[in-house]
Amino acid sequence: MNSFKKLKVMISSFTFFLIFGGVMVETVYAMGQSGSGGGQGGGIAAFLPLILIAVVFYFLLIRPQQKRQKEQKAMISAIRKGDKVVTTSGIFGTIVGMDDQENKVVLKIAENVKVEFLKSSIAGKVGTE
């Protein structure tokens, strides 16, 4: 969790740099232009900071999240009876029944205690890395 906070700080710092760094470069560029030259510069250069921010967000936030979702979906489709799992709420149990029609699993969490959960609430298998 600590590395996630560091990543968020890095992303926000980098975004701050891109936004204000781009503004600073455009300001300096505008100050260096002669007053007699008409027309507007910029074009794609005006949108370059926004494009860079979008690319950074894609590679640092969106793409890894899609990868995690894909791995989670594959893990859920691979669970079978007898697998030991942990739910998103932190409950450990062994799968004793599955209902693919209703997307449910039955977990045995203690002797004579069985609880139904949605498959999507399975956080992962226990004991396998």
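Values in this text are rule-based calculations from the coordinates and carry no lab data. Owing to the predicted nature of the structure, the values given are computational and were not obtained by experimental measurement. Quick reminder, even Gly has a Cβ in these numbers, built from the backbone with ideal geometry, and neighbours come from all protein chains shown.
Residues in segment 110-120 carry Karplus couplings, in order, of 6, 4, 6, 10, 10, 10, 8, 9, 6, 4, 5 Hz; the curve used is 6.51 cos²θ - 1.76 cosθ + 1.60 with θ = phi - 60°, and Gly or Pro positions show x. If r is the Cβ-Cβ distance from residue 94 to residue 63 and R0 is 25 Å, what FRET efficiency results, to the nearest 0.05? Working from the Cβ atoms, E equals 0.15.
What's the FRET efficiency of residue 72 with residue 112 using the Cβ-Cβ distance as r and R₀ = 30 Å, to the nearest 0.05?
Working: r = 31 Å, r/R0 = 1.02.
For R0 = 30 Å, the calculated efficiency reads 0.45.
Once both labels are positioned 7 Å from their Cα atoms along Cα-to-Cβ, the gap between residue 50 and residue 104 label points is 4.9 nm.
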